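The next block holds one structure in the form of structure tokens; read it before the comments.
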Amino acid sequence: MNEFVADFIGVVGNPGQTIARAMEKRRWKAALAVILLATALITFVTFPITKAEQARFIRDSEMADRFSDEQLAGLDRFTPAQRATGAAAAAFFTALALVVGAFFVYLFFKIGGAEGLYANYFSAVVQASLLDMLLGGVLRAALIMVKKTMMVHTGLTMFFPGLDIRSLSFLVLSQFDFFSLWYLAALALGIAVYARIAQRKSFFIVALYFLFKSLVFVAFSLITMKMMGL
């Protein structure tokens, strides 16, 4: 526990050295456990608000034609089991996102000639995710509970409140979340120290990864919304 607390403080205050040490020792288990537990708890606590808002969104979209009046009326109802299942599912998909994300970070840096194994880069991604998934997640959960809406913003989208969340502009701007950018900066600093490469090169590789990730997310979101009739 003391080691995790030291890593958490280090990631916030001195990410380069802290993440490099975690990569060297392949230390990720405690950070991953905390992230998944926090994700599950956040999802469980905010579930009634997000469920109700998702139901309103479906009722106001073309998807409503696919449901009967009885089904539409019951969209925002849920059981304790469904709430717990939603929390568990959120933790599972968070773990999956970390595994896949770490693979692409590893791939981009290996193409760039950096040293290290997947386990080293997975450790870096998990440690850096304390900034985004833990700190950012807790703040977003607090905002959801205060504002009673899941439409909270911690990035550029907060400056454009009139944007439709289904628009291309919103999807692009949503990628510029302040906590996500903090995560990427910490990741670049830590990998630069561990792999003994120039910070400029590390930031360039991370920027390419960010561009790739953003393009995939935007394309997938647009295709999904079109298929669902949103």
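Is it the case that some residue within the stretch 30-52 is among the basic types (Lys, Arg), surrounded by fewer than 19 Cβ atoms within 10 Å (Cβ to Cβ) and at pLDDT below 85? Yes: the stretch 30-52 contains one or more residues that are among the basic types (Lys, Arg), surrounded by fewer than 19 Cβ atoms within 10 Å (Cβ to Cβ) and at pLDDT below 85. Picking from residues in the stretch 141-162 that are without any contact (Cβ under 8 Å) to a residue 40 or more places away in the chain and surrounded by 15 or more Cβ atoms within 10 Å (Cβ to Cβ), the one that is farthest from residue 211 (Cα to Cα) is 143. The helices (runs of 4 or more DSSP H) located wholly in the stretch 126-212 that include 1 or more residues which are of a type in the set (D, E, K, R) occupy 137-147.
The values are calculated or read from the model by the stated rules, or taken from the named source; none is laboratory data. Nothing here was measured: the structure is a model prediction, and the numbers come from that model. We place every Cβ from the backbone using ideal geometry, glycine too, and count neighbours over all the protein chains shown.
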